[in-house]
Amino acid sequence: MSFLKRFEVWLLIVLSLAAAIWVFTTDSDSISEGAPEPITAEASAEPTLKIHRCTLERDYGNARLDIELRYRNASPRPLILLAPDVKLLTAEGKEVPPFILPVEKPAQIPAQTAQDVRLRYWLDKTHLQGPLTLEIRGEKAEIKSATAIELDTLENHQPKTWTGSVK
């Protein structure tokens, strides 16, 4: 085993062990959008679904829509913010595809808690011609009104932000 006598081999072994220890000891829940809060009597009076802010950013022929919201999960099971529980719908009832990064885990809200989260969707020109509605387990919130947004008039990679529903 002459390769174990080399300094580089031992250095790689030590670095690999350190990386493995760091991966297994890092708490992945601390990376989430907002810390979950247990539902109290005061929290149950607030709406189940509240939109904080929406950001639309053009990317050449398409646009990415980021929706920042607070959801109160009163269910006894955790909510993973993916279809079929979570949908962004057009006026015709068509579902807008989510914007997915392979390295990003989908947001999750534990049972009996309220939490701030961010959802991302990938829009094309037709999605911006009519209203958009976010639906989470039957609760609906208007994201965009029926007024059309012309994608070609937006500057590329310049975010447009609004609170409530854009008119």
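A few notes on this one:
- Criterion: among the β-branched types (Val, Ile, Thr), under 16 Å from His52 (Cβ atoms), out of contact with any helix residue (DSSP H, G or I) (no Cβ under 8 Å at 6 or more places or on another chain) and surrounded by fewer than 17 Cβ atoms within 10 Å (Cβ to Cβ) - qualifying residue of Thr161, Thr153: Thr161
- When Ala107 is tested against (1) open to solvent by 60 Å² or more (accessible area, probe 1.4 Å); (2) at pLDDT below 90, only condition (1) is not met.
- Only listed residue being touching a residue at least 60 places away in the same chain (Cβ under 8 Å), open to solvent by 60 Å² or more (accessible area, probe 1.4 Å) and in contact with a strand residue (DSSP E or B) (Cβ under 6 Å, 6 or more places away or on another chain), chosen from Arg53, Arg58: Arg53
- Number of residues in the range 127-152 that are of a type in the set (Val, Ile, Thr) and at pLDDT below 90: the value is 2.
- Given (1) within 28 Å of Glu46 (Cα to Cα); (2) among the β-branched types (Val, Ile, Thr); (3) free of Cβ contacts under 8 Å to residues at least 40 places away in the same chain, number of the condition Thr90 does not satisfy: (3)
The values are calculated or read from the model by the stated rules, or taken from the named source; none is laboratory data. Worth saying up front: this structure is predicted, and the values here are computed from it rather than measured. When we count neighbours, we look across all protein chains shown, and the Cβ atoms used for this are built from the backbone with ideal geometry, even at glycine. Note: accessible area is taken over every heavy atom of the protein model, side chains too, but ligands, DNA and RNA are not part of it. Shrake-Rupley method; radii C 1.70, N 1.55, O 1.52, S 1.80 Å.
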